[in-house]
Amino acid sequence: MHRQVTRMIRHMATSQQEMANILEANRHVAVHMAHLFHDIPPDNPSFQDIETLTEHSLNVSKSIGVYLSGLADLEEALAEHMALIVKIVEIPDDEE
């Protein structure tokens, strides 16, 4: 029983590490886009029109939103996995 629990924990940890790696990559993209957006001069930006500026701003906002949503998903997965592990670990010895 302990081996199964240990294997499950290892698989969950690997899965969560991969999720964290994906989120880290998304974070870098969002931060880079936000820096680019921040560098836009407030007066007379050299975009073709206001629609282009609005589109770029919306893309930055979406990217940040996706990143934050991913963090929430990771947090939820961690909580679910920890609840499962706590439940498994609390099994009395006579039920092994």
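The values are calculated or read from the model by the stated rules, or taken from the named source; none is laboratory data. Keep in mind the model is a prediction, meaning the values are calculated, not measured. Note: ideal-geometry Cβ built from the backbone for every residue, glycine included; neighbour counts use all protein chains shown.
The table for this structure:
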read-out: Of all residues in the range 54-65 being under 16 Å from the mean Cα position of the chain (by Cα) and over 11 Å from Val29 (Cα atoms), the one that is surrounded by the most Cβ atoms within 10 Å (Cβ to Cβ); value: Ser61
read-out: Residue in the range 85-95 that is assigned to a helix (DSSP H, G or I), acidic (Asp, Glu), out of contact with any Pro (no Cβ under 8 Å at 6 or more places or on another chain) and modelled with pLDDT of 75 or more present; value: no
read-out: Within the range 1-39, tally of residues that are exposed (fewer than 13 other Cβ atoms within 10 Å of the Cβ) and more than 17 Å from the chain's Cα centre (by Cα); value: 12
